[in-house]
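In what follows, a single structure is set out as structure tokens and then discussed.
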Amino acid sequence: LPAPSTPGAAGLDLPAAVDGEVVIEPGARALIPTGFTIAVPPGLEGQVRPRSGLALHHGIVLPNAPGTIDSDYRGEVKVILLNTGHESFVVKRGERIAQLVFAPVERIAWREVRALGPTARGDGGFGHTGRAVKPAVQSRPKRAKRGGLR
């Protein structure tokens, strides 16, 4: 069953419940069973997140991270693994492949409006706020004087 690896761990480690081994080639995906089902309490969701060590050392990521387990889902929890590394990755039974974190789900009341109020950001998106601002005046680099250091 999923369990935290340390007393302070936010997530529960999800083990692979594969028969034998599953080999994930570079660039390939695999759906890995965990062998358990869960009834997430209403008002919560389960978030399936990647393990940082698998990402750093092997290039194994979850392409839909975080994956969501809804409170009304009753099927087996499975994890999609993607190998972004350069070598084949072997998943073995019991290996910790992801982590499960629970988070509250907020229900909102939608209200249709004709226009949205303005903000400083406006409709800029997809990296808009991360762009460096170019200076209005660009200075030219100073040329070194002949004769070297004094």
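Brief remarks follow.
- Subset tally (residues that are without any contact (Cβ under 8 Å) to a residue 60 or more places away in the chain, more than 15 Å from Asp13 (Cβ to Cβ) and surrounded by 17 or more Cβ atoms within 10 Å (Cβ to Cβ)) for segment 81-98: 3
- Residues in segment 8-52 that are polar (S, T, N, Q) and touching a strand residue (DSSP E or B) at 6+ places or on another chain (Cβ under 9 Å): Thr34, Thr37, Gln47.
- Among the residues of segment 42-58, those identified as in contact (Cβ under 8 Å) with a residue 60 or more places away in the chain and either surrounded by fewer than 17 Cβ atoms within 10 Å (Cβ to Cβ) or touching a Lys or Arg at 6+ places or on another chain (Cβ under 6 Å) (or both) are Gly43, Leu44.
- Selection of segment 1-16 for residues being in a loop (DSSP other than H, G, I, E, B) and buried (at least 17 other Cβ atoms within 10 Å of the Cβ) yields Pro2, Gly11, Ala16.
- Hey, Ala30 exposed (fewer than 14 other Cβ atoms within 10 Å of the Cβ) and part of a strand (DSSP E or B) or not: no
- Exactly one residue among Ala103, Ala109, Ala39 is more than 20 Å from the chain's Cα centre (by Cα), within 24 Å of Ser5 (Cα to Cα), loosely packed, with under 12 Cβ neighbours inside 10 Å and among the hydrophobic types (A, V, I, L, M, F, W, C), and that residue is Ala39.
- Among residues that are farther than 21 Å from Glu106 by Cβ, touching a Phe, Trp or Tyr at 6+ places or on another chain (Cβ under 9 Å), crowded, with 18+ Cβ neighbours inside 10 Å and among the β-branched types (Val, Ile, Thr), Ile24 is included.
- Test: residue in segment 66-82 that is in contact with a Lys or Arg (Cβ under 6 Å, 6 or more places away or on another chain) and assigned to a loop (DSSP other than H, G, I, E, B): yes
Bear in mind that the values in this text are calculations on the coordinates, not laboratory data. Treat the numbers as computed from the prediction; the structure is a model and nothing was measured. Positions of Cβ are generated from backbone atoms using ideal geometry, with glycine treated the same way; all protein chains shown enter the neighbour counts.
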